[in-house]
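Encoded as structure tokens, the structure appears first; notes follow it.
The values are calculated or read from the model by the stated rules, or taken from the named source; none is laboratory data. Please read these numbers as outputs of a predicted model, since none were measured by experiment. Cβ atoms come from the backbone with ideal geometry, glycine included; neighbour counts cover every protein chain shown. These accessible areas exclude ligands, DNA and RNA; they are computed on the full protein's heavy atoms, side chains included. Shrake-Rupley method; radii C 1.70, N 1.55, O 1.52, S 1.80 Å.
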2 protein chains.
Amino acid sequence: MLQIKVTENDFSLSFKNYVFIYHSTKQPFIHVGKGQAKYDMHFGNFKIEECLDEKLALTEFELLEQSPNNLLVKFNKSDLAFVVINFTVINDRLEIIFQDYTEGLNRVWVRIKAEEEEGIFGCGEQFSELNLRGKNVPLWVSEQGVGRNKKDYVTFQADVHYKSGGDWYTTYYPQPTFVSSNSYWCHVDDSYYMEFDFRNKSYHELCIWHIPERIIISKQESVLDVLRNLTEFFGRQPELPEWVYDGVWLGLQGGTQIVLDKLAKAEKHGLKVTALWCQDWEGKRITDFGKRLFWNWKYSQEMYPNLPETIKELNKKGIKYLGYINTFLATDGELFKEASEKGYLVKNEKGEDYLGITEMDAGVLDLTNPGTVGWIKNIIKENMIGIGLSGWMCDFGEYLPTDAVLYSGESAEAFHNKYPAEWARVNREAVEEAGKVNEVTFFTRAGYTGTSRYSFIMWAGDQTVNWGLDDGLASVIPAALSLGMTGFGLSHSDIGGYTSLFGIVRTKELFMRWAELAAFTPIMRTHEGNRPDECWQFDSDEETLLHFAKMSHIYTHLKPYLKAIVKENAEEGIPCMRMPYIHYEKDKNLLNLKYQYLLGRDLMVAPVFEEGKTTQKVYLPDDQWVNVWTGEEYGQGTYEVDAPLGKIPVFYRKESKYKVLFEQIKNL
Amino acid sequence: MLQIKVTENDFSLSFKNYVFIYHSTKQPFIHVGKGQAKYDMHFGNFKIEECLDEKLALTEFELLEQSPNNLLVKFNKSDLAFVVINFTVINDRLEIIFQDYTEGLNRVWVRIKAEEEEGIFGCGEQFSELNLRGKNVPLWVSEQGVGRNKKDYVTFQADVHYKSGGDWYTTYYPQPTFVSSNSYWCHVDDSYYMEFDFRNKSYHELCIWHIPERIIISKQESVLDVLRNLTEFFGRQPELPEWVYDGVWLGLQGGTQIVLDKLAKAEKHGLKVTALWCQDWEGKRITDFGKRLFWNWKYSQEMYPNLPETIKELNKKGIKYLGYINTFLATDGELFKEASEKGYLVKNEKGEDYLGITEMDAGVLDLTNPGTVGWIKNIIKENMIGIGLSGWMCDFGEYLPTDAVLYSGESAEAFHNKYPAEWARVNREAVEEAGKVNEVTFFTRAGYTGTSRYSFIMWAGDQTVNWGLDDGLASVIPAALSLGMTGFGLSHSDIGGYTSLFGIVRTKELFMRWAELAAFTPIMRTHEGNRPDECWQFDSDEETLLHFAKMSHIYTHLKPYLKAIVKENAEEGIPCMRMPYIHYEKDKNLLNLKYQYLLGRDLMVAPVFEEGKTTQKVYLPDDQWVNVWTGEEYGQGTYEVDAPLGKIPVFYRKESKYKVLFEQIKNL
């Protein structure tokens, strides 16, 4: 399957008739070097700098072995540095295996041949850019940032006060994997810091601060097949428990009575609620940032006395109860004491528990210690699943400092990115060991390679409660789509966003628009945000309640369709929220369509993401489309459609087998 | 004078018993490489990025020749790259001459041995930092920026709206020359982009985006001697015309009548005025930024009818008239047409006049063309000196785009930094050719190596009209001191600052404090700023007028002293405004004293640079000091002294021969 063309000064390598590798003296396939990285972390926000000692173009090459499925090449620069690469076909994929290299190297730049018009997608959860062609993409697990745009005043304030403004590329969930519109995926099998540079016309340059085991490329006939193949390789998310789709997951807090009162109010207004999500099930505290949780993973007798009984009562009414967990243990909680004594926490260079990582005093679970893993799994099984929780927010995972000392002896610089995937694995195994995969679920924020196999659901993290493209409502759309192109097909977001800072509060309109969007995602869940009292909530007024109730009816009405697309994601790896491009590959307009998506095969959703707008521009690819609200039919084209509050622009495919279901939406 | 210690794996080189060079396999003296620079200029503000192709540590070495004053060394990395360096003593200086090297190299990193506690000064005009130890200092001529602090809201706005916020290191006048508190100076003889990295404990690393001719080091017994030697090498500024010290240079504009009316008002209030400075002598226009000048270097008949006559009248009264010039020619001016026709303007890659460099349509003088130089010198001689101007602001010099095409064929990337020094040379030669060195002067904004030889006076450019440390009143102090440590000893600033943007306007207090500072600098000059009508002026109220008049009396009273220190600068290169450290080298506290200076040998000035303050913290080194206002005596120590408006903290040395002059200040 490999075709090799060699002259004295260059060679090219094709796999399945696509040229992936080109090497010449002037355009060397590989550079190598040595450098030292400097990571400066502030509450999960990283400033990363490098001192590059040496960088060498390996201009010379020698073919050592050659067979139809195998090419062994030594690249070198004089006698100074060499890398022996085995280009080989394994399981129908091209693997670029780093077989041998000069001792001491810790930087590598590899070039994959590119075309100028290629679209590039994936790299994990990307909030600001969907098509990454033309960008240099750093890949490092971190806070996503507040504002995420250096020209934005929110970002500026967050930077000045908390070093937390972020940038267009900062993300909880990067992954060194991309999908090309030329129908291939490419993955670097490593976890050190990387930058994927898609700015050059003729090549993609993958810079890795480590010599990786291998780079894997899979070429398929279509982008749909690329996604099937990618998810077969990395693992897919399973189907979700039946209860998931039966209404809103209502984020409430404040203790049993407050929560039940709000639930009663919601139900009185016809809101369909399938679960109460109480992030403060374990208690809370107030910090500078707002209301924060008490990180000790056991229910709070004070706030939720006899929680197991309350849960049973709720369950009888058909309502599930969800909780919260993260990777930390508050120093004033009893679990911290136990973990500390047992050596289950990440250590600093002095051998002490590594504190000061977050704004609250807390230790961080050392997931390289099998003792820690067993212990925390038991806590999940006993304190959470055991008392009747049907799921939880599985928060954080981005904060492992690079100078931490780990039980396994592995470098924290290497384990930093792996941490969130391990955290998802721990939670997944706890659910599996409890035998509850069909009943219990959880949703994660951080991720990396491996997360798609272990986590059930992603949520888009902490959006600012505004209309900012890079960190507000709009940003959750490319986030879901890019995750889908990385093999994670189940995403949703906090309705109304989370972060309220610098006087920015959630407005009624924002809440309503976000609720409309959420009704057309796999999961519909609210969050009161970090400043609940100042931000608009689902029950802040009658109109909002009724609007929200209507949205919950639309969502539950879609259950058969949602179940089917979640099943498709589980079986084929085709994401629930997906880039329209994957079904209309001939239509290059779709390569850059960032704020519009297909929910499954048949529903085109074009959320209103700007304040004060009552119409929305929509692009429809070549198909027969029907407006769910008006029944109007459309062919290919760009349209400005009516979009008053309550009527998010949604179109179904006329030939859909769910046509009748979709037709009913307007009557709900 | 060279001492060399060699083993198989390393060598060290001392010059005058100071180890400057150390080389070993692990700590190589030199790295070399190849890279491409990318310069993105927006109205003189640069975003500079690099694509580094290769970087090599030249770990191996071979001594080729050795004599007491000479060491020829070949550094290499295998057969890949080499540099032959001749370490040689010429005129009592150590020169590091790049004699030969591998073709194609265009990056070099050279390490000069360092001590951790060393103080590092100079690198041209540095507005935010005086002691550069611990900093990485980019050296590129540019706008200095508005705000110059990425945590500052003014900077943020300037960045967002004009890409012009700048940073702590952005400066009109960098110079690849530094002075060490270990009594040596070091200079890189090149003009390409550089970074001097003073962050490492054991070496200073000089990164140059070109292979330079040579690096020069001069070792002396004291920092004072370093300055003498440095200025002997680079050239000193001459003494100034006698009229300079006879009062304020009053910046006025608006046409003859307005100017004369304001002058009358000033004189009525006892203000000593030695010169009117009318930047709009050639006419003006209004832009988005504020009031701007008409860049056509000929007096405006409309605004200043019969200007030569007016000047004569003023001169009779003992008042000089000063004008303005810069490197541009407005496209709608007649001089542009002439210059364009004659090919005197910088061209773009298409061979057209390079326009669009500034916010106004203008061409830029190609100073590599001898024709241009002769032509513009004639304009200066005829249109400026010829009509009676006694001086001018010699503005700009930072805007040469790196992709410009120059008459000489020299790369604009190399000429960019040289441009301001050439611009100063042109002006200097015009004055000299007119035979007016004793009568006519000018003051420049931009600079580079060579400026100290050609320009008469620097001014600190366009400060923001506020109290910001990085771009307000305070910043002109380290600016003057660092210039002094680079060999330019005559600096002053716009009283009250210049840039009013984003609603920031000059206040009365700011104007008064700045006037107090200016009375203790070599030149006392006002500028109405870019938004004169909104900013506080010298005549905005009676109190300001009287305060300002008093300051003008103090300034003129100091004339004998000022003349003496300007003479000292001309003869010895000891700057007028100087770091106290150079006279008290044993006192390491003085290494980081940023906002306090000696005016000459005998006056310690500690300006109030914070809003609303009426006392000021002062540090006095070991000497006998007398407070000019109270007569109180002080020894070494830190003091919080009274500093009401009108009484800037100033101390004279009790043993000064100007004691009587200083004692009289309090009675003025």
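Overview of results
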quantity	calculated
Those residues of segment B:150-179 which are assigned to a loop (DSSP other than H, G, I, E, B) and either within 12 Å of another protein chain (Cβ to nearest Cβ) or aromatic (Phe, Trp, Tyr) (or both), in sequence order	B:Lys150, B:Lys151, B:Asp152, B:Lys163, B:Gly165, B:Trp168, B:Tyr169, B:Tyr172, B:Tyr173
Residue list for segment B:131-184, restricted to those being in contact (Cβ under 8 Å) with a residue 60 or more places away in the chain and among the basic types (Lys, Arg)	B:Arg133, B:Lys135, B:Arg148, B:Lys163
Pairs where the first residue, in segment B:565-580, is touching a residue at least 12 places away in the same chain (Cβ under 8 Å) and under 26 Å from B:Val618 (Cα atoms) and the second is part of a helix (DSSP H, G or I) and of a type in the set (Val, Ile, Thr), C-beta under 6 Å, 6+ apart	B:Cys576/B:Ile565
Residue identified as exposed (fewer than 15 other Cβ atoms within 10 Å of the Cβ) and within 14 Å of chain A (Cβ to nearest Cβ) among B:Lys55, B:Lys34, B:Lys77, B:Lys38	B:Lys38
Residue identified as charged (D, E, K, R), surrounded by fewer than 20 Cβ atoms within 10 Å (Cβ to Cβ) and part of a loop (DSSP other than H, G, I, E, B) among A:Glu129, A:Glu117, A:Glu205	A:Glu117
Condition met for A:Val84 (outside any loop (DSSP other than H, G, I, E, B) and in contact with a His (Cβ under 9 Å, 6 or more places away or on another chain))	no
Selection from segment B:499-533 of residues that are open to solvent by 10 Å² or more (accessible area, probe 1.4 Å), modelled with pLDDT of 95 or more and among the acidic types (Asp, Glu)	B:Glu509, B:Glu528
Residues that are over 38 Å from the mean Cα position of the chain (by Cα), within 29 Å of B:Leu52 (Cβ to Cβ) and among the small types (Gly, Ala, Ser), drawn from segment A:55-80	A:Ser78
Residues that are within 24 Å of B:Val505 (Cα to Cα) and modelled with pLDDT of 95 or more, drawn from segment B:278-295	B:Cys278, B:Gln279, B:Asp280
All positions within segment B:58-74 that are within 14 Å of chain A (Cβ to nearest Cβ) and surrounded by fewer than 22 Cβ atoms within 10 Å (Cβ to Cβ)	B:Thr59, B:Glu60
Residue in segment A:159-176 that is among the aliphatic types (A, V, I, L, M) and crowded, with 19+ Cβ neighbours inside 10 Å present	no
Only one of A:Gly119, A:Gly147 that is within 14 Å of another protein chain (Cβ to nearest Cβ) and farther than 20 Å from A:Pro420 by Cβ	A:Gly147
Close pairs (7 angstrom Cβ cut-off, 6 or more residues apart or separate chains): farther than 30 Å from A:Phe336 by Cβ in segment A:264-284, among the β-branched types (Val, Ile, Thr) and open to solvent by 60 Å² or more (accessible area, probe 1.4 Å) anywhere	none
Pair list, Cβ < 6 Å and 6+ apart or interchain, from segment A:52-65 residues that are free of Cβ contacts under 8 Å to residues at least 12 places away in the same chain to residues that are open to solvent by less than 40 Å² (accessible area, probe 1.4 Å)	A:Glu65/A:Leu72
Selection within segment A:565-590 - among the basic types (Lys, Arg) and open to solvent by 10 Å² or more (accessible area, probe 1.4 Å)	A:Lys567, A:Lys586, A:Lys588
Residue in segment B:647-667 that is touching a Lys or Arg at 6+ places or on another chain (Cβ under 8 Å), under 20 Å from B:Ile477 (Cα atoms) and surrounded by fewer than 19 Cβ atoms within 10 Å (Cβ to Cβ) present	no
Selection within segment B:425-453 - within 14 Å of B:Gln237 (Cβ to Cβ) and within 12 Å of the chain's Cα centre (by Cα)	B:Phe443, B:Thr444, B:Gly447, B:Gly450, B:Thr451, B:Ser452
Candidates A:Asn378, A:Asn427, A:Asn417 - the one that is modelled with pLDDT of 95 or more and open to solvent by 10 Å² or more (accessible area, probe 1.4 Å)	A:Asn378
Filter result for B:Leu224 (open to solvent by 10 Å² or more (accessible area, probe 1.4 Å) and of a type in the set (A, V, I, L, M, F, W, C))	yes
Output for segment A:1-31, where each listed residue is under 19 Å from B:Glu54 (Cα atoms), surrounded by fewer than 17 Cβ atoms within 10 Å (Cβ to Cβ) and not basic (Lys, Arg)	A:Ser24, A:Thr25, A:Gln27
Scan of segment A:96-112 for residues that are surrounded by 17 or more Cβ atoms within 10 Å (Cβ to Cβ) and either out of contact with any Cys (no Cβ under 9 Å at 6 or more places or on another chain) or outside any strand (DSSP E or B) (or both), ordered by number	A:Ile96, A:Ile97, A:Phe98, A:Tyr101, A:Thr102, A:Leu105, A:Arg111
Cross-chain or 6+ apart pairs with Cβ under 7 Å, segment A:526-551 first and free of Cβ contacts under 8 Å to residues at least 60 places away in the same chain, then in a loop (DSSP other than H, G, I, E, B) and among the polar types (S, T, N, Q)	A:Glu534/A:Ser500; A:Trp536/A:Thr507
Evaluation of B:Ala606 against (1) in contact with a Pro (Cβ under 6 Å, 6 or more places away or on another chain); (2) surrounded by fewer than 17 Cβ atoms within 10 Å (Cβ to Cβ) (one fails), failing number	(2)
